[in-house]
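Novice: Let me give you the structure first, and then I'll get to my questions.
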Amino acid sequence: MQIVFILSMAVIATGMYACISSRNIIKIIIGLGIANYGVNLFLVQLGYKAGAIAPIFTHAQSLPMVLPTPQALTLTNIVISFATTALMLSVSLFIHKKTGSLDIKEVGGLKE
Amino acid sequence: MWWITLIEIAVFPIVAILLGLLLLGIDRKVAARMQRRVGPPILQPFYDVRKLFIKDTVIPKKSTWIFDFMPLLSVVSLFIIILYLPFMGLSPVLHGDMVFILYLLILPSLAKVLGGISSGSPYAAVGSQREITNMMGYEFPLVTIIFFMSWKLFSFGVAKPFSVASFTSGVMWAGLGTLGIAGALLLLFVMLLVIAGELSRPPFDVSSAGEEIAGGITAEYSGRNLGLFYIADALKLIVLTTLVVVLFFPFGISGFLGIGGWFALIADSIFYFIKVLLLMIFSETVLKTSVSRLKVTQLVNAYWGSLLMLSLLGIFIIFIDMVLS
Amino acid sequence: MTGLLMHLPAISIALPLFSAFLFQLLGRHKKAKHILAISSITVLELMLILQLFHVASAGNSIYVFGSETPVVQLPSSYGIPIRISFQVDMFNAFLSVLTSSVMLLVIIFSLNSLKEDVGKFYVILMLMLTGMLGLLFTNDLFNLFVFLEILSLSTGIMVMYKANKFSVEAGFKYLVISSLSGLLFLLGVGFIYAQYGMLNISVLASIISIGLIEKIALGFMVVSLFLKSGIAPMHMWLPDAYGEAPEYSVLGVAMATLTCSYAFIRLLFVFSVGELGTLLILGGLLSAIIGSTMSLIQKNVNRLFGYLALAEIGFIVTAIGCGLISTESNLVFSTVSGGLFHMLNDVIDLGILFFISGIAIRIKNSKELDNLSGFGDNKILAVFFILAMFAVSGIPPMNGFLSKLIIYESTFAVSPLIPIILMISSIIILSSLVKVFYSIFNGKSNKKVPLNMMVVLFAAVIAMLVITLFPDAVINNLIKPVTDALITKSEYRSIVGV
Amino acid sequence: METYAGFWHVEWFLTAFIILFFITWLIKSLGDKKYKSGIQEDIFLSGHQEKEYSDYIGSENLYWGFKESLRRYYSLMKKMHNGIISEYIFWFYISILIVLTFITFGVI
């Protein structure tokens, strides 16, 4: 149980590290995506019970079920992160068209 | 009773103008005496103002309507401050808040700056941005001292530590050891320099530097407007010296001499006039004749650097004194 | 009538969403879209004002989604409140009225600035409004995350609405910042859910015992909201977003930032986490200093006002921080009421400044301070700008001075250093506004100011003058109940009888 | 309006303002009546005025004195606001660390 928790924290940490260390906009978006997967993993494992089955009620065997709420949270978070990533990718497309490069140093036009 | 305050509201400003112009005259006379020259007559400022009011008022083509309105606003705001301060040793006409007075002190120089920048001349523009830099500079030590004093009143348990009445109640300097007096003198020294800055007197007169920017803010002003700015300068002298009197010497003489009624009023006002006169002489006449002008960059360093450190040192000494006693 | 009042929280979210959907059906009829936008927001505003009066008289009202009767106490079959619920108290009712009136003014202000893409603009504006109202009313942590994301996405698109090189970059930064903050907020929510298995704020607030896990969870949640409301070390995106947003809807973006600051104020007070007060004060002072000093050297007028907004957020956050730290009750009350009163004044004063700069940019169609001059002969605009300048920098008798007076004279009891720094930064704000005055109101040009912009400006100035002339009335029957609603947490917690 | 440590009365300020505004306007009207109002003159320039007005003092070099005296502070600010997104996010991580250490160790 603790291992999954530590793993998800590690995934979040790598995603966040990717955001600050990469110089390319696409890599920042990928970093954000990875961090989002980390949070999803953390949310899903919250409701985990050993030996329990997925919380689907139709034709369910009479075994204990896993907690459904965190999975609902994860579903919504996946949808939201999908929308955000799609929007950011289209924006980076636009940035490339306007400034001709994806490097955050050239793109960083708004100085002090 | 309220009509008495209305009369006071109308009378006090006129008295303040006369007193201010008189003080300016004395200031120029003493400065001249210090440089071993005769100097203009004491009533010279009155003649200056009369001359200015007779002259034509020239309004430059490029200036906007604000150019003509701002001298008025500058004088009105100074009149209002006088009502909130214990002018002539009497209790203030209207009860005000120290933070309110601090902010209202900005209005006259702000009006002067707005008038300057809308006068269209580049000299006035440079002069007014120097005046704003000067204003940003001297606010720091001024605000530090006043907030420390009200915090001191607050630690003494005064109900409304920010109101002017609690400043003049004399609780401030009640229990002061020798260390406290040294700290208070240091704060007084910083306050005198800050007042010289607010009046843009020589060491800090970057905004109306005659030589560099041809008369600074009031380069384009003439006639009535310049007369009003002259009156505003005199009023500001009165207001600031009264502020120092409130902060550092709030005690009256009549209680000490034990005379009552009308004589007490006269004695108080004379004592007030002496206090104001001495403060003016030490704060800017001495400075005017001994120190030359600072550059704009040195100005902010002087305020935010050395003067601020001095005031913090004074505050620290007083704090130790409070802890000891 | 009571039926409508009962469903008001849900309607206030549904109406903007539904009208956002309707815009697509109207096709190319620009006139119809304008009418729909204005009418839907006015109806919404009237309902929210109605709700404000209802809450003022009848106390908090709750709305539980998906249960038989919306106002019933949560079914406690499992002992865990499962459904998502909205709770409306004086604080968020007051802010919702403020938000919707700001959005109404923004819509009227941008009536003739929109070329052909009218529908797109209104859809984004309506989504922003939905996000803001949802963020204000929600009583559920995860629901707060969802509305935070809706608000962030739509505000990000609004920032890059002008689609030029700089605004796209500012928008991209806004989106990256928002998704990062949403991510960490969700992490905090996850921790709370792991510990208590429930997400309802008022129930959590009544049973939470602040341990290590709760502290870390609240830390994550609150920091990500600090980032979204632009507090000091994490503020760099704010001037970019305000500088590059379209000049007629930049006030909407400012309102989005203030709504995020509502979110963390609500969380801090409901979960009564006192430790963060010192940090809030440090962050507030730092943003006041950075905001004012950086606004001195700006060349783009909206970017300069962005730094002013940052400094104003610094004032509000310092006051709230002092409220969190201090224990003596009327000190807490006066600091928090100073902060909230300043929030109201700040929205109005910055609104006037943004409207005037919007007018100047629209006529001169350039954002640089140097080529905005030419309004020297426009008397009304100059008077309004001077009044707004006095108000923002707190010169008596304007409304900014009232709230700053309350803030100075209450935070000084916490430590005299705080009002000193705040006062210095408000003097520097004054000088940067003099710089804007110098570059806009000089020289003569007989350009006519469009009517709808003047109407909006008049409305904002009238609101400022009302507060200036009747401070006691505004404080006693608006700011006082709002502060009580925020500070006395008992009613907020006990609404959900578990 | 009562605040925690002070007070503010709008009505006194406004009455004083109106009365004194009238008095000052009277003082101003003491001035020379005969003067031809609005004598439009050119501004005083030691040399020939060739440039348009606003080219003289652009908004860029206002407050040169203030910027010059706080030179180190402003260079630090320029480095801090350099427009690179990963720097901004880095500041966010620093703030997370500060807040978390602050809140866990309960330093008031």
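Novice: Tally the residues that are at the interface with chain A (Cβ under 7 Å from one of its Cβ atoms) and closer than 9 Å to C:MET234 by Cα, restricting the search to region D:77-89.
Specialist: Step one: of region D:77-89, the residues at the interface with chain A (Cβ under 7 Å from one of its Cβ atoms) are D:77-78, D:81-86, D:89.
Narrowing the set further to residues that are closer than 9 Å to C:MET234 by Cα leaves D:89.
Result for region D:77-89: 1.
Novice: With surrounded by fewer than 24 Cβ atoms within 10 Å (Cβ to Cβ), at pLDDT 90 or above, on the phi < 0 side of the Ramachandran plot and within 14 Å of chain D (Cβ to nearest Cβ) as the only criterion, which of C:PHE191, C:PHE226 stands out?
Specialist: Working: C:PHE226 fails: surrounded by fewer than 24 Cβ atoms within 10 Å (Cβ to Cβ).
Being surrounded by fewer than 24 Cβ atoms within 10 Å (Cβ to Cβ), at pLDDT 90 or above, on the phi < 0 side of the Ramachandran plot and within 14 Å of chain D (Cβ to nearest Cβ) holds for just one of C:PHE191, C:PHE226, which is C:PHE191.
Novice: Now a separate question. All but one of (1) within 7 Å of another protein chain (Cβ to nearest Cβ); (2) under 18 Å from C:ILE348 (Cα atoms) hold for C:LEU433, so report the exception by its number.
Specialist: (1)
Novice: Taking C:ASP140, is it charged (D, E, K, R) and away from every other protein chain (no Cβ under 14 Å)? Give the derivation first.
Specialist: Numbers: charged (D, E, K, R): yes; away from every other protein chain (no Cβ under 14 Å): no.
It is false that C:ASP140 is charged (D, E, K, R) and away from every other protein chain (no Cβ under 14 Å).
Novice: Looking at C:ILE325, C:ILE424, C:ILE320 in this structure, which one is away from chain B (no Cβ under 13 Å), of a type in the set (A, V, I, L, M), under 30 Å from B:ILE315 (Cα atoms) and surrounded by fewer than 24 Cβ atoms within 10 Å (Cβ to Cβ)? Talk me through it step by step, then tell me what you get.
Specialist: Values: C:ILE424 fails: away from chain B (no Cβ under 13 Å); C:ILE320 fails: surrounded by fewer than 24 Cβ atoms within 10 Å (Cβ to Cβ).
Step by step, each of C:ILE325, C:ILE424, C:ILE320 is checked, and only C:ILE325 is away from chain B (no Cβ under 13 Å), of a type in the set (A, V, I, L, M), under 30 Å from B:ILE315 (Cα atoms) and surrounded by fewer than 24 Cβ atoms within 10 Å (Cβ to Cβ).
Novice: If you take the residues of region B:85-118 that are of a type outside the set (A, V, I, L, M, F, W, C) and at the interface with another protein chain (Cβ under 7 Å from one of its Cβ atoms), which of them is nearest to C:ILE429 (Cα to Cα)?
Specialist: If we filter region B:85-118 for residues that are of a type outside the set (A, V, I, L, M, F, W, C), which is where we start, we get B:86, B:89, B:91-92, B:95-97, B:103, B:108-109, B:112, B:115-116, B:118.
Among the residues that remain, those that are also at the interface with another protein chain (Cβ under 7 Å from one of its Cβ atoms) are: B:97, B:103, B:118.
On the way: B:ASP97: 22, B:TYR103: 13, B:SER118: 19 Å.
By that ranking, first place goes to B:TYR103.
Novice: Count, please, the residues in region B:237-263 that happen to be closer than 23 Å to B:SER163 by Cβ and without any contact (Cβ under 8 Å) to a residue 12 or more places away in the chain.
Specialist: 1
Novice: Further question: Restricting the search to region C:204-224, which residues are part of a loop (DSSP other than H, G, I, E, B) and either of a type in the set (Phe, Trp, Tyr) or free of Cβ contacts under 8 Å to residues at least 40 places away in the same chain (or both)? Spell out the reasoning first.
Specialist: Of region C:204-224, the ones part of a loop (DSSP other than H, G, I, E, B) are C:208-211.
Matches in region C:204-224: C:SER209, C:GLY211.
Novice: Another question, if that's okay. When you look at A:LYS27, is it within 14 Å of chain D (Cβ to nearest Cβ), among the basic types (Lys, Arg) and part of a helix (DSSP H, G or I), yes or no?
Specialist: Numbers: within 14 Å of chain D (Cβ to nearest Cβ): yes; among the basic types (Lys, Arg): yes; part of a helix (DSSP H, G or I): yes.
Judged against the criteria, A:LYS27 is a match.
Novice: Same structure again: More than 9 Å from chain C (Cβ to nearest Cβ), crowded, with 21+ Cβ neighbours inside 10 Å, outside any loop (DSSP other than H, G, I, E, B) and of a type in the set (A, V, I, L, M): is that true of B:VAL75 in this structure?
Specialist: Details: more than 9 Å from chain C (Cβ to nearest Cβ): yes; crowded, with 21+ Cβ neighbours inside 10 Å: yes; outside any loop (DSSP other than H, G, I, E, B): yes; of a type in the set (A, V, I, L, M): yes.
Yes.
Novice: Out of B:PHE263, B:PHE273, B:PHE248, B:PHE229, report the one residue that is of a type in the set (Phe, Trp, Tyr) and modelled with pLDDT under 85.
Specialist: Numbers: B:PHE273 fails: modelled with pLDDT under 85; B:PHE248 fails: modelled with pLDDT under 85; B:PHE229 fails: modelled with pLDDT under 85.
The conditions single out B:PHE263.
Novice: Kindly evaluate A:SER62 against the criterion of being touching a Ser or Thr at 6+ places or on another chain (Cβ under 9 Å) and either surrounded by fewer than 14 Cβ atoms within 10 Å (Cβ to Cβ) or modelled with pLDDT under 90 (or both).
Specialist: On the way: touching a Ser or Thr at 6+ places or on another chain (Cβ under 9 Å): no; either surrounded by fewer than 14 Cβ atoms within 10 Å (Cβ to Cβ) or modelled with pLDDT under 90 (or both): yes.
The answer is no for A:SER62.
Novice: Follow-up. Before we move on, is A:ILE6 out of contact with any helix residue (DSSP H, G or I) (no Cβ under 8 Å at 6 or more places or on another chain) and modelled with pLDDT under 95? Quick ask: steps written out before the conclusion?
Specialist: On the way: out of contact with any helix residue (DSSP H, G or I) (no Cβ under 8 Å at 6 or more places or on another chain): yes; modelled with pLDDT under 95: yes.
Considered against the rule, which asks whether it is out of contact with any helix residue (DSSP H, G or I) (no Cβ under 8 Å at 6 or more places or on another chain) and modelled with pLDDT under 95, A:ILE6 comes out as yes.
Novice: Let me ask another. Only one of these is modelled with pLDDT of 85 or more and either surrounded by fewer than 19 Cβ atoms within 10 Å (Cβ to Cβ) or touching a helix residue (DSSP H, G or I) at 6+ places or on another chain (Cβ under 6 Å) (or both): B:LEU287, B:LEU279, B:LEU324. Name it.
Specialist: Numbers: B:LEU287 fails: modelled with pLDDT of 85 or more; B:LEU324 fails: modelled with pLDDT of 85 or more.
When all the criteria are applied, what remains is B:LEU279.
Novice: May I ask you to verify whether A:TYR48 is within 21 Å of A:PHE5 (Cβ to Cβ), more than 14 Å from chain D (Cβ to nearest Cβ) and either among the hydrophobic types (A, V, I, L, M, F, W, C) or exposed (fewer than 13 other Cβ atoms within 10 Å of the Cβ) (or both)?
Specialist: Values: within 21 Å of A:PHE5 (Cβ to Cβ): yes; more than 14 Å from chain D (Cβ to nearest Cβ): yes; either among the hydrophobic types (A, V, I, L, M, F, W, C) or exposed (fewer than 13 other Cβ atoms within 10 Å of the Cβ) (or both): yes.
Yes.
Novice: Taking the conditions exactly as written (surrounded by fewer than 18 Cβ atoms within 10 Å (Cβ to Cβ), within 22 Å of C:LEU148 (Cβ to Cβ), in contact (Cβ under 8 Å) with a residue 40 or more places away in the chain and under 19 Å from the mean Cα position of the chain (by Cα)), does A:LEU89 satisfy them or not? If you could, list the steps in order and put the result at the bottom.
Specialist: Values: surrounded by fewer than 18 Cβ atoms within 10 Å (Cβ to Cβ): yes; within 22 Å of C:LEU148 (Cβ to Cβ): yes; in contact (Cβ under 8 Å) with a residue 40 or more places away in the chain: yes; under 19 Å from the mean Cα position of the chain (by Cα): yes.
Yes.
Novice: Given the conditions (1) within 28 Å of C:PHE94 (Cα to Cα); (2) among the aliphatic types (A, V, I, L, M); (3) surrounded by 24 or more Cβ atoms within 10 Å (Cβ to Cβ); (4) in contact (Cβ under 8 Å) with a residue 60 or more places away in the chain, which single one is not true for C:LEU186?
Specialist: Single failed check for C:LEU186: (4).
For every residue, the table says whether it meets (1) assigned to a helix (DSSP H, G or I); (2) among the aliphatic types (A, V, I, L, M); (3) at pLDDT 85 or above.
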residue: B:VAL15; (1), (2), (3): yes, yes, yes
residue: B:LEU18; (1), (2), (3): yes, yes, yes
residue: B:ALA32; (1), (2), (3): yes, yes, yes
residue: B:PRO45; (1), (2), (3): yes, no, yes
residue: B:PHE53; (1), (2), (3): yes, no, yes
residue: B:SER63; (1), (2), (3): no, no, no
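Novice: Let me ask something else about it. Does A:GLY109 satisfy the condition of being more than 8 Å from every other protein chain (Cβ to nearest Cβ), small (Gly, Ala, Ser) and surrounded by 13 or more Cβ atoms within 10 Å (Cβ to Cβ)? Give the derivation first.
Specialist: Numbers: more than 8 Å from every other protein chain (Cβ to nearest Cβ): no; small (Gly, Ala, Ser): yes; surrounded by 13 or more Cβ atoms within 10 Å (Cβ to Cβ): yes.
No.
Novice: Mind counting the residues in region B:1-13 that are part of a helix (DSSP H, G or I) and out of contact with any helix residue (DSSP H, G or I) (no Cβ under 8 Å at 6 or more places or on another chain)? Break it down into steps so the answer makes sense when it comes.
Specialist: Residues of region B:1-13 that are part of a helix (DSSP H, G or I), as a first pass: B:2-13.
With the extra rule that they be out of contact with any helix residue (DSSP H, G or I) (no Cβ under 8 Å at 6 or more places or on another chain), the set shrinks to B:2-5, B:7, B:11.
Here the count works out to 6.
Novice: Taking C:SER357 as meeting all but one of (1) within 7 Å of another protein chain (Cβ to nearest Cβ); (2) of a type outside the set (Asp, Glu); (3) within 20 Å of the chain's Cα centre (by Cα), write down the number of the exception.
Specialist: For C:SER357, the failing item is (1).
Novice: Right, another one. Among the residues that make up region C:154-176, is at least one of them within 13 Å of chain D (Cβ to nearest Cβ), free of Cβ contacts under 8 Å to residues at least 60 places away in the same chain and out of contact with any Phe, Trp or Tyr (no Cβ under 9 Å at 6 or more places or on another chain)?
Specialist: yes
Novice: Same structure, new question: So, in region B:41-72, of the ones that are away from chain C (no Cβ under 14 Å) and among the aliphatic types (A, V, I, L, M), which residue ends up farthest from B:LEU18 (Cα to Cα)?
Specialist: Going through region B:41-72, the residues away from chain C (no Cβ under 14 Å) turn out to be B:41-58, B:71.
If we keep only those that are among the aliphatic types (A, V, I, L, M) as well, we get B:42-43, B:49, B:52, B:54, B:58.
On the way: B:ILE42: 12, B:LEU43: 10, B:VAL49: 11, B:LEU52: 16, B:ILE54: 18, B:VAL58: 26 Å.
Only one residue tops the list, namely B:VAL58.
Per-residue answers, yes or no, for (1) crowded, with 24+ Cβ neighbours inside 10 Å; (2) among the hydroxyl-bearing types (Ser, Thr, Tyr); (3) closer than 23 Å to D:HIS9 by Cα:
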{"site": "C:PHE375", "(1), (2), (3)": "yes, no, no"}
{"site": "C:LEU381", "(1), (2), (3)": "no, no, no"}
{"site": "C:ILE386", "(1), (2), (3)": "no, no, yes"}
{"site": "C:THR411", "(1), (2), (3)": "yes, yes, yes"}
{"site": "C:PRO416", "(1), (2), (3)": "no, no, no"}
{"site": "C:VAL436", "(1), (2), (3)": "yes, no, no"}
{"site": "C:VAL456", "(1), (2), (3)": "yes, no, no"}
{"site": "C:ALA463", "(1), (2), (3)": "no, no, yes"}
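Novice: Considering only residues of region D:15-31 that are more than 7 Å from every other protein chain (Cβ to nearest Cβ) and touching a helix residue (DSSP H, G or I) at 6+ places or on another chain (Cβ under 8 Å), which is surrounded by the fewest Cβ atoms within 10 Å (Cβ to Cβ)? Don't jump to the end; show me each part of the working.
Specialist: As a first pass, look at region D:15-31 and keep what is more than 7 Å from every other protein chain (Cβ to nearest Cβ): D:15, D:18, D:22, D:26-27, D:29.
Those still in the list that are touching a helix residue (DSSP H, G or I) at 6+ places or on another chain (Cβ under 8 Å) too: D:15, D:27.
Details: D:THR15: 16, D:ILE27: 19.
In this case the residue turns out to be D:THR15.
Novice: With the condition being within 14 Å of chain D (Cβ to nearest Cβ) and either among the aromatic types (Phe, Trp, Tyr) or more than 23 Å from C:PRO416 (Cα to Cα) (or both), I'd like the helices (runs of 4 or more DSSP H) fully within region B:226-319 carrying at least 2 qualifying residues.
Specialist: Of the helices (runs of 4 or more DSSP H) lying wholly inside region B:226-319, those with at least 2 residues that are within 14 Å of chain D (Cβ to nearest Cβ) and either among the aromatic types (Phe, Trp, Tyr) or more than 23 Å from C:PRO416 (Cα to Cα) (or both) span B:296-300.
The values are calculated or read from the model by the stated rules, or taken from the named source; none is laboratory data. Everything quoted here is computed from the prediction, not taken from an experiment. Note that we place each Cβ from the backbone using ideal geometry, even for glycine, and neighbour counts take in every protein chain shown.
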